[in-house]
1. Residue check, Ala90 against (1) hydrophobic (A, V, I, L, M, F, W, C); (2) out of contact with any Asp or Glu (no Cβ under 7 Å at 6 or more places or on another chain); (3) more than 28 Å from Leu264 (Cβ to Cβ); (4) open to solvent by less than 10 Å² (accessible area, probe 1.4 Å), all met but one. Which one?
2. Please verify whether Ala132 is hydrophobic (A, V, I, L, M, F, W, C), without any contact (Cβ under 8 Å) to a residue 40 or more places away in the chain and under 19 Å from Asn176 (Cα atoms), treating the condition exactly as stated.
3. Where the second residue is of a type in the set (Phe, Trp, Tyr) and surrounded by fewer than 24 Cβ atoms within 10 Å (Cβ to Cβ) and the first is at negative phi and in a helix (DSSP H, G or I) and lies in the stretch 211-239, which pairs have Cβ atoms under 6 Å and are six or more apart or on separate chains?
4. Filter the stretch 1-17 down to residues that are in contact with a Phe, Trp or Tyr (Cβ under 7 Å, 6 or more places away or on another chain), open to solvent by 30 Å² or more (accessible area, probe 1.4 Å) and not aromatic (Phe, Trp, Tyr), then give me how many there are.
5. Residues in the stretch 121-128: is at least one free of Cβ contacts under 8 Å to residues at least 60 places away in the same chain, among the polar types (S, T, N, Q), crowded, with 19+ Cβ neighbours inside 10 Å and not in a strand (DSSP E or B)?
6. Looking at this structure, is Ser133 in a helix (DSSP H, G or I), open to solvent by less than 70 Å² (accessible area, probe 1.4 Å) and out of contact with any helix residue (DSSP H, G or I) (no Cβ under 8 Å at 6 or more places or on another chain)?
7. Is it true that some residue in the stretch 51-68 is among the acidic types (Asp, Glu), in a loop (DSSP other than H, G, I, E, B) and surrounded by 17 or more Cβ atoms within 10 Å (Cβ to Cβ)?
8. Does Gln47 meet the test of being touching a strand residue (DSSP E or B) at 6+ places or on another chain (Cβ under 7 Å), farther than 25 Å from Asp138 by Cβ and in contact (Cβ under 8 Å) with a residue 24 or more places away in the chain?
Amino acid sequence: MSTPTFTPQVLLEVWRKARQINLIDEKFRGLLRSGRLAAVYYSPRGQEILAAAMGVHLQPTDYLVTTYRGIHDQLAKGIPLKPLFAEYYAKATGACKGKGGPMHITHPETGVMVTTGIVGSGLPIANGLAWASQLKKDGRVTLVTFGDGASNIGAFHEALNMAGLWKLPVIFLCQNNLYGESSKYEKCTSVDHIGERAASYKMPGVTVDGNDAEAMWRASAEAVARARAGEGPTLIEAKTFRFMGHYFGDPGAYIPKEEYEAHLAKDPMPKTRAAVLASGVATEADLEKYDAEVNAQIEEALQFAADSPFPDVGEIDIDVYGAAA
């Protein structure tokens with residue numbers, strides 16, 4: 001397998017995806033603070049780069065299974081803003097017709113197949129999607145994302161065992177932000193690195209700095225290439241940090257101040273922006289222009305959500321029960 005080349009143009013592509021996530025997150029947090037949006041929200045602040053660096057390798061036909069904290073994964077996969085925002089506003093034009101809410105976003109047209117509110121439950125579902133692809137020989141790759149806490153439940157081990165045994169085209173991406181909700185990693189997990197657990201299931205396992213655009217991009221490239229070539233699954237542990245707590249409004253009192261400040265000093269967003277400018281692939285004016293374009297798209301999507309109707313009461317039983325036999 002040839003070593004992929006991380007060019008300045010690739011860096012810019014990663015930055016653009018990460019910046020879109022970043023700007024949308026900033027907007028949502030502002031809306032929540034002002035009372036213009038009332039919804040459960042889990043900020044991806046600090047984890048933009050890892051999602052973007054994986055997302056640039058995925059095709060629209062590839063599958064994503066993510067978690068209730070996965071808005072960055074959904075955006076990196078390419079979900080359109082209008083149905084995404086409308087679902088946050090519980091409108092009929094939302095990705096789930098306003099009935100699923102932020103914790104259950106799906107958009108099969110762009111491969112966003114499942115967003116689950118149950119920790120670790122997406123891993124077996126991802127295996128099912130990957131198995132279907134394997135049987136159909138359609139070349140699709142399935143990506144499933146989860147947190148470090150999910151690596152300690154049975155579904156994680158069961159899913160990796162099956163994927164390793166059947167060589168499924170699935171990528172297990174653990175976004176290790178060092179805290180399982182409010183529990184520190186070292187107090188809950190027996191291994192130093194979750195990536196080490198891959199050895200038990202005869203699949204490659206790698207631990208990378210998820211905030212390093214190039215390192216994350218390379219690890220993603222290799223995992224996607226292996227899966228697409230029929231060589232089986234990969235476990236990627238991406239070390240990162242969340243700057244906004246587990247949920248919107250979480251004061252994060254369980255994180256020592258000095259630890260938080262040390263991570264904040266290594267914020268991947270300004271670091272990656274500086275790298276883009278230093279590479280010469282874009283200027284300050286170019287980046288400002290892109291920000292303006294994304295902000296315009298955000299405002300258009302928000303207006304679409306605001307103008308959209310709420311679901312009709314007749315929808316209450318639709319999409320809930322299967323057809324009678």
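1. In the conditions (1) hydrophobic (A, V, I, L, M, F, W, C); (2) out of contact with any Asp or Glu (no Cβ under 7 Å at 6 or more places or on another chain); (3) more than 28 Å from Leu264 (Cβ to Cβ); (4) open to solvent by less than 10 Å² (accessible area, probe 1.4 Å), Ala90 misses (4) alone.
2. no
3. Glu214/Phe6; Trp217/Phe6
4. Applying the first criterion (in contact with a Phe, Trp or Tyr (Cβ under 7 Å, 6 or more places away or on another chain)) to the stretch 1-17 yields 6, 10, 14, 16.
Pick out the ones that are also open to solvent by 30 Å² or more (accessible area, probe 1.4 Å) and you get 6, 16.
Next, only the ones that are not aromatic (Phe, Trp, Tyr) stay: 16.
Summing the residues that are in contact with a Phe, Trp or Tyr (Cβ under 7 Å, 6 or more places away or on another chain), open to solvent by 30 Å² or more (accessible area, probe 1.4 Å) and not aromatic (Phe, Trp, Tyr) in the stretch 1-17 gives 1.
5. yes
6. Details: in a helix (DSSP H, G or I): yes; open to solvent by less than 70 Å² (accessible area, probe 1.4 Å): yes; out of contact with any helix residue (DSSP H, G or I) (no Cβ under 8 Å at 6 or more places or on another chain): yes.
Considered against the rule, which asks whether it is in a helix (DSSP H, G or I), open to solvent by less than 70 Å² (accessible area, probe 1.4 Å) and out of contact with any helix residue (DSSP H, G or I) (no Cβ under 8 Å at 6 or more places or on another chain), Ser133 comes out as yes.
7. Quick first cut of the stretch 51-68, residues among the acidic types (Asp, Glu) only: 62.
Now narrow it down to the ones that are in a loop (DSSP other than H, G, I, E, B): 62.
Cutting the leftovers down to surrounded by 17 or more Cβ atoms within 10 Å (Cβ to Cβ) gives us 62.
So far as the stretch 51-68 goes, yes, one or more of its residues are among the acidic types (Asp, Glu), in a loop (DSSP other than H, G, I, E, B) and surrounded by 17 or more Cβ atoms within 10 Å (Cβ to Cβ).
8. Working: touching a strand residue (DSSP E or B) at 6+ places or on another chain (Cβ under 7 Å): yes; farther than 25 Å from Asp138 by Cβ: yes; in contact (Cβ under 8 Å) with a residue 24 or more places away in the chain: yes.
Considered against the rule, which asks whether it is touching a strand residue (DSSP E or B) at 6+ places or on another chain (Cβ under 7 Å), farther than 25 Å from Asp138 by Cβ and in contact (Cβ under 8 Å) with a residue 24 or more places away in the chain, Gln47 comes out as yes.
The values are calculated or read from the model by the stated rules, or taken from the named source; none is laboratory data. As the structure is a prediction and not an experimental result, all values here were calculated from the model. Quick reminder, even Gly has a Cβ in these numbers, built from the backbone with ideal geometry, and neighbours come from all protein chains shown. Note: areas computed on protein heavy atoms with side chains; ligands, DNA, RNA excluded. Shrake-Rupley method; radii C 1.70, N 1.55, O 1.52, S 1.80 Å.
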